[in-house]
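The values are calculated or read from the model by the stated rules, or taken from the named source; none is laboratory data. Nothing here was measured: the structure is a model prediction, and the numbers come from that model. Cβ placement follows ideal geometry from the backbone for every residue including glycine, while neighbour counts extend to all protein chains displayed. Keep in mind that these areas ignore ligands, DNA and RNA; they rest on the heavy atoms of the full protein, side chains included. Shrake-Rupley method; radii C 1.70, N 1.55, O 1.52, S 1.80 Å.
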Amino acid sequence: MTKQPSARLWEKGTDLDEAIHRFTVGDDPVWDRQLVHWDCLGSAAHARTLNRAGLLTAQELNSLLKALAECDSAAQRGAFEIPPELEDCHTAIEAALVASCGPAGEKIHAGRSRNDQVATAMRLFMRSHTLRWLGCLARFAQAALDRGRRDGGIAMPGYTHMELAMPSSVGQWLHAIAEATLEQMRAAFDLLERMDACPLGTGAGFGVPLPLDREHTAALLGFQRVQRSPIDVQNSRGRMEKYFLRVAADIGALLEKLSGDMLLFVGPAYGFIELPESMTTGSSIMPQKRNPDVLELLRAHGARLRARVAELEWVTGKLPSGYHRDLQLSKEPTIRTGNELVDMLAIAGRLLGEFKINAERMAAAMRPEIYATHAALALVRQGVPFRQAYRRIGAEITAGRFEADPAIIGSTEPGFVSDDTWQTVATDLGKLTARATAERRRCEQAEAALLQIGE
């Protein structure tokens, strides 16, 4: 690409203290590499809107679209540079447009500020990653569903307070994971709805005195509506990121619970499941060790997602209305989270599909007292008041006389999940997956058209 000039968008010819410059730029050039694609799309939409308003000629528009496509292609190859002196991707892209398109490149910033520009790029990044999460969640839920249908009939103990409670099954455990995943898919759709408003064209936060068709800009970018209040565009920075991180943290909590369960079940005290050797690591000193590091790190990553929500609460929660440079620090936790959750869900899905079950250890752990509640309820069916039945069975257990009636054991079919229930899960998953696929295609089609000349 053409060498970019070293000029900041806000420069007015005065000197800047280099230490102040380094501090204010921070690591923006690093994180903004992941925003180049989205800023190119936002810039293409803005250029098209400027052309619609008569502020760019068709020739200038095509020149800008061609240069933006080159920037985007370079970014996809990892070849688009953001020098520290240019601060961020927005400045670097504009510098490239000026170098390539001359005066047309100098025109593109009319009617926008970096304030609405970065809000748009971040909104597009979060939308894209939410759609990626939905795909990952669908695959994760399918892994739980497939495993539940295959092995759900294996009996296993249920626990409360970490103590033996009632009969359960592998199917009940996996069913809980599948249902929670469907809930998180619905939460992701709610997140998409909240973000589905285009911030571009609001400038620094007070509107733009140019005849810009913001509805046109929104449609080009695949948004269903404009974000009407220019001040709220800036106020929503940090707010939208927190919604994004909260959904991620809740998904992370689901994966934490899964990893916590599996860490218990894989340990020698339980021995209910085993990880394939290829999914474990070893010790540098103890030859016998097979460590479930993947589960521990999955748990830790979930905790870190929750910590990032708290980070954004503190960075953005104290701010008055309008834009503040504090918001720059919302980029890193948001970008990290968008990428990491994709990997976490992929790993968790593999774990669900590949762990081995020790049905004998599960059966051995189902001691007679696990059927105490069923025995009490059997008395209830005979007309005994529940509290009397409860005390009678409790006394038998205390005296060491309780034995689970084989008829009770046989009739309870402990904790099995019916085929109808699995089918309901599959139907719900199919509907949510189809909805996610349609939404992803709609957004991708809008995005793909933006950089095409003559469209």
All-pairs alpha carbon distance profile, the range 319-384, 10 Å steps from 0, percent: 14, 17, 16, 16, 15, 14, 8, 0
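Ratio of alpha-carbon Rg to the 2.2 N^0.38 Å globular estimate for the range 118-185, to two decimals, please.
Numbers: Rg = 17.2 Å, N = 68, 2.2 N^0.38 = 10.9 Å.
Here the answer is 1.57, to two decimals.
Evaluate the relative contact order of the chain (contact order divided by residue number), counting alpha-carbon pairs under 8 angstrom at least 6 apart; express in whole percent. Walk me through the numbers on the way to the answer.
Working: 642 pairs, mean separation 94.0, N = 455.
Taking the mean separation of contacting Cα pairs over the length of the chain, I get 21 percent.
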Cα-based helix-to-principal-axis angle, 170-195 vs the chain, degrees rounded to 10: 20
Three semi-axes of the equivalent ellipsoid, the range 56-153, Cα gyration tensor, whole Å, largest first: 42, 14, 14
CD proxy at 222 nm, helix term only [per DSSP H run n ≥ 4: -39500 (n - 2.57); per residue of the chain; nearest 500]: -21000 deg cm²/dmol
Inter-label distance for Glu369 and Thr160, nm, one decimal - labels placed 7 Å from Cα along Cα-to-Cβ: 1.5
Volume in Å³ per residue [convex hull over Cα atoms, computed for the range 282-371]: 213
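I need the semi-axes of the equivalent ellipsoid of the range 306-455: take the C-alpha gyration tensor, multiply each eigenvalue by 5, square-root it, list largest first in whole angstrom. Don't skip to the end; give the middle numbers.
Working: eigenvalues 594, 123, 60 Å².
Over the Cα atoms of the range 306-455, the ellipsoid semi-axes are 55, 25, 17 Å.
Do any trypsin sites (Lys or Arg not before Pro) in the range 55-162 lie in a DSSP loop with no more than 13 other beta carbon atoms within 10 Å, and if so, which? Intermediate values should be presented prior to the final figure.
Details: sites: Lys66, Arg77, Lys107, Arg112, Arg114, Arg123, Arg127, Arg132, Arg139, Arg147, Arg149, Arg150; in loops: Arg77, Arg112.
Those satisfying the criteria are Arg77.
Got the relative contact order for the range 11-82 handy, in percent, Cα pairs under 8 Å and 6 or more residues apart?
Values: 31 pairs, mean separation 28.1, N = 72.
The value is 39 percent.
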Whole-angstrom Cα spans of the range 219-271 along principal axes, big to small: 59, 23, 9
Per residue solvent-accessible surface (Å²) - the range 101-142, probe of 1.4 Å: 25
Protein accessible area in the range 201-245, 1.4 Å probe - carbon and sulfur %: 57
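Just to make sure I understand: if all protein chains stay in place, what is the order of Ser128, Ser43 by accessible area at 1.4 Å, largest first? Working shown, then result.
Working: Ser128 30, Ser43 0 Å².
Output order, biggest surface exposure first: Ser128, Ser43.
How high is the FRET efficiency between Ala204 and Glu296 when r is their beta carbon distance and R₀ equals 51 Å, given to the nearest 0.05? All intermediate terms of the calculation are to be shown ahead of the outcome.
On the way: r = 46 Å, r/R0 = 0.91.
The calculated FRET efficiency here is 0.65.
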Nearest 10 degrees, 0 to 90: helix 89-101 Cα axis against the chain principal axis: 40
Net lengthening on full extension, Ala407/Leu16 (0.36 nm per residue, minus Cα-Cα): 132.3 nm
Net lengthening on full extension, Asp419/Leu379 (0.36 nm per residue, minus Cα-Cα): 11.5 nm
Rounded tilt (10° steps) of 372-381 against the dominant C-alpha axis of the chain: 70
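I want the local charge near Pro292. Using Cβ-Cβ distances under 15 Å, sum +1 for each Lys or Arg and -1 for each Asp or Glu among the other residues.
Details: positive: Lys289, Arg290, Arg299, Arg350, Lys356; negative: Glu256, Asp261, Glu274, Glu277, Asp293, Glu296, Glu354.
Combined, the nearby Lys, Arg, Asp and Glu give -2.
Rounded to the nearest percent, how much of the accessible area of the range 371-440 (1.4 Å probe, protein heavy atoms only) is carbon and sulfur? All intermediate terms of the calculation are to be shown ahead of the outcome.
On the way: 2270 of 4340 Å².
On the range 371-440, the fraction of accessible area on carbon and sulfur atoms equals 52 percent.
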Area of Lys242 that stays accessible when all protein chains are in place (1.4 Å probe, Å², to 10): 30
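Taking 0.36 nm per intervening residue step and subtracting the Cα-Cα distance, what contour gain separates Arg150 from Arg52 on full extension? Let's see the in-between values first.
Details: separation 98, 0.36 × 98 = 35.28 nm, distance 5.78 nm.
Between Arg150 and Arg52, full extension yields 29.5 nm more.
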The range 300-348 - accessible surface per residue (Å², probe 1.4 Å): 45
Positive-pole candidate from Phe386, Ile370, Leu258, dipole of the chain, charges at beta carbon: Phe386
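Counting residues in the range 201-317 as N, plug N into 2.2 N^0.38 Å and put the Cα Rg over that result. Don't skip to the end; give the middle numbers.
Values: Rg = 23.3 Å, N = 117, 2.2 N^0.38 = 13.4 Å.
Dividing the Cα radius of gyration by 2.2 N^0.38 Å gives 1.73.
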Rounded percent of accessible protein surface that carbon and sulfur make up, the range 32-123, 1.4 Å probe: 47
